[in-house]
There are 2 protein chains.
Amino acid sequence: MPGGKIAPKAVVGRVSLYLRQLESYQRQGLTTVSSSQLGDPLSIKNAQVRKDLAFFGQFGHAGIGYRIGELIGVLRHIIGVDRDWPLVLVGLGNLGRALLKYRGFRTRGFHIVALFDNDRSKIGANHDGLVVEPIESLGRIVAQHDIRLAILAVPADAAQGVADQLVARGIRGILNFAPVSLLVPPGVNLVGVDLSVQLQNLVYKVQQSQGEVSCAG
Amino acid sequence: MPGGKIAPKAVVGRVSLYLRQLESYQRQGLTTVSSSQLGDPLSIKNAQVRKDLAFFGQFGHAGIGYRIGELIGVLRHIIGVDRDWPLVLVGLGNLGRALLKYRGFRTRGFHIVALFDNDRSKIGANHDGLVVEPIESLGRIVAQHDIRLAILAVPADAAQGVADQLVARGIRGILNFAPVSLLVPPGVNLVGVDLSVQLQNLVYKVQQSQGEVSCAG
């Protein structure tokens, strides 16, 4: 990456989408794409595609466009998914168990290597070959596998306490599914996925577009 | 809303977070908050809080701040969650079944009223009192309950086909969990939740902050 420049969050989000689209084209047997072919299925303008990719270097070839295999390699390296990332999953409720079975993680180099819960009735249970450990074992297992990332799928009222334990044991990135905002120290990264908030955003859009339709009609 | 002005997506996202935080304060027994008290737990600056809320009207009271009960009512109305929203859920795999049990939806006025799958082995099964219907019954059920919203939790290769059927039957908003970009006609709204993309964004942040630490150290 040129000069260690940090890409804005919006660019990084789009790079993940470009990567997904490029992999889809590669599976279809294509070897090159134009910026329009890359942006159109994602509803991203071709000028934006070119600007985003230029942030990381010059990858376009005159008269050819982008070479798919080359660009996939570069983008995977930029995002950091050209290596395996071991993860811990904390919280084996309904959502946690679904996330454990979610195939999209594994195909991206994300491997859940340990499970934790503080519910005594869940500890010791075997899910897909992994045994649920008590939260007290976190430090040992994180150190053993050199783990940096955790998926947090615990109830809202337990989330901050568990996050504090994760940070104290060396976790540096948390994907938080609990519907609550967490406080973490500088140097620890947080991405929140609040499904109700996403659904609320959708409802707002639906209401607005219904309003637009009635005004126009 | 003044003049039917449409709030930018970023503002709407933050309004959902403000609402969650206000409801948390209300449960704790507070009746008023300052913009700092509202923004701090969300890592949003107080000037931003005031600017966002001013977009929808004047709700602050000099010397008091915001009245929590009043502001909750206003924000719930703005987002459109002061009414019940019936939903259909399509796809009863691991993720779909977890979403069905996710309590966060129900407490927000989102009620899943019908389940669909195109897998013959899943049709007829009872989940939490709802029977899985074949996709062919979609039109009848959507009309019967006046449903506008759908949660799509089907595999990537089936998602566009199912989305087309949803749109044809009158669905106007889709919360898409399939890891693929969908094409929908104008007037239909889409919010995508790609869990791998969220995890990739987290990995990028973790890498960048490790880079920063090593440069500084």
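The other copies place their A:H77 label points at 5.6 nm from this one, listed shortest first, where each point is 7 Å from Cα along Cα→Cβ.
Given the alpha-carbon gyration tensor of chain A, what are the semi-axes of its equivalent ellipsoid in whole angstrom, ordered largest first, with each equal to the square root of 5 times an eigenvalue? Show your work: numbers first, answer last.
Numbers: eigenvalues 251, 117, 55 Å².
Taking √(5λ) for each eigenvalue gives 35, 24, 17 Å, largest first.
Under a model in which nothing but the beta-carbon of Lys, Arg (+1) and Asp, Glu (-1) is charged, segment A:2-79 shows a dipole of about 180 debye around its Cα centre. Summarising the rotation from chain A to chain B, the nearest chain A beta-carbon to the axis and its distance in Å are given as A:A98, 2.
Taking every DSSP helix (H) stretch of at least 4 residues in chain A, weighting each as -39,500 (n - 2.57) and dividing the sum by the residue count yields a mean residue ellipticity at 222 nm of -14000 deg cm²/dmol.
Computed over the protein assembly as shown, the percent of Cα pairs more than 26 Å apart is 60. Largest mean-square fluctuation among B:L89, B:L183, B:L149, in a Gaussian network model of chain B whose springs join Cα atoms under 10 Å apart, belongs to B:L183. Here the relative contact order of segment B:85-197, from alpha carbon pairs under 8 Å that lie six or more residues apart, stands at 24 percent.
Pop the C-beta distance of A:N126 and B:D164 into the FRET formula with R0 = 45 Å and round what comes out to the nearest 0.05. The formula returns an efficiency of 0.65 here. Annotation for segment A:132-159 versus segment A:44-87: alpha-carbon center distance of 33 Å. Summing charges over neighbours of A:E133, with a neighbour being any other residue whose Cβ is under 14 Å away from its Cβ, gives +1 when K and R count +1 and D and E count -1. The magnitude of the dipole of chain A, with charges of +1 and -1 set on the Cβ of Lys/Arg and Asp/Glu and taken from the Cα centre, is near 520 debye. Candidate membrane-span-like segments in chain B, meaning DSSP H helices with Cα atoms spread over at least 20 Å of their own axis and a Kyte-Doolittle mean of -0.5 or above, are B:9-27, B:195-216, with no membrane implied.
Relative to the other identical copies, A:G63 shows label-point distances of 7.7 nm, where the label point lies 7 Å from Cα along the Cβ direction and values run shortest first. Dimensions of segment A:2-79 based on its C-alpha atoms, expressed as ranges along the principal axes with the largest first, amount to 33, 22, 21 Å. Database remark: amide H of A:T32 closer than 5 angstrom to the amide H of A:I68 (H placed geometrically; neighbours at sequence offset of 5 or more, or on other chains; Pro and chain starts carry no H).
Working from Cα pairs under 8 Å separated by at least six residues, relative contact order for chain A is 13 percent.
Placing +1 on each Lys and Arg Cβ and -1 on each Asp and Glu Cβ, with no other charges, gives the protein assembly as shown a dipole about its Cα centre of roughly 540 debye. Just checking the listed ones, B:L30, B:L95, B:L199: in the Gaussian network model of chain B with Cα springs under 10 Å, the one fluctuating most is B:L199. Would you work out what percent of the accessible area of chain B, with all protein chains in place, is carbon or sulfur (probe 1.4 Å)? The nonpolar share, carbon plus sulfur, comes to 52 percent. Computed over neighbours whose Cβ is under 11 Å from that of A:G73, the net charge equals 0, Lys and Arg +1, Asp and Glu -1. Think of segment B:2-77 as having a plus end and a minus end, set by charges on the Cβ of Lys, Arg, Asp and Glu; of B:F55, B:S34, B:P8, B:P8 sits farthest toward the positive end of this dipole. The residues of chain B expose, per residue, 46 Å² of accessible area to a 1.4 Å probe.
Mean-square fluctuations from a GNM of chain B, with a 10 angstrom spring cutoff on Cα atoms, peak among B:G170, B:G161, B:G109 at B:G161.
Tell me, what is the FRET efficiency for A:D40 and B:T107 to the nearest 0.05, using R0 = 51 angstrom and their Cβ-Cβ distance as r? Once the sixth-power term is evaluated, E becomes 0.85. Bridges between two residues of the protein assembly as shown, per DSSP, are antiparallel at a rate of about 20%. Take A:K9, move 7 Å from Cα toward the beta carbon, and the resulting point lies 1.3 nm from the same point in each other copy, nearest first. Look at the dipole of the protein assembly as shown built from charges on Cβ: of B:P186, A:I171, A:G192, the Cα furthest out on the positive end belongs to B:P186. Simple rule: put +1 on each Lys or Arg Cβ and -1 on each Asp or Glu Cβ in segment A:1-134, find the dipole, and look at A:S43, A:L95, A:S24; the Cα lying farthest toward the positive end is A:S43.
The values are calculated or read from the model by the stated rules, or taken from the named source; none is laboratory data. Predicted model, so just to flag it, every value in this text is computed and none were measured. Counting neighbours? That spans all protein chains shown, and the Cβs are built from the backbone with ideal geometry, glycine included. These area figures cover heavy atoms from the full protein model, side chains too; ligands, DNA and RNA do not enter into them. Shrake-Rupley method; radii C 1.70, N 1.55, O 1.52, S 1.80 Å.
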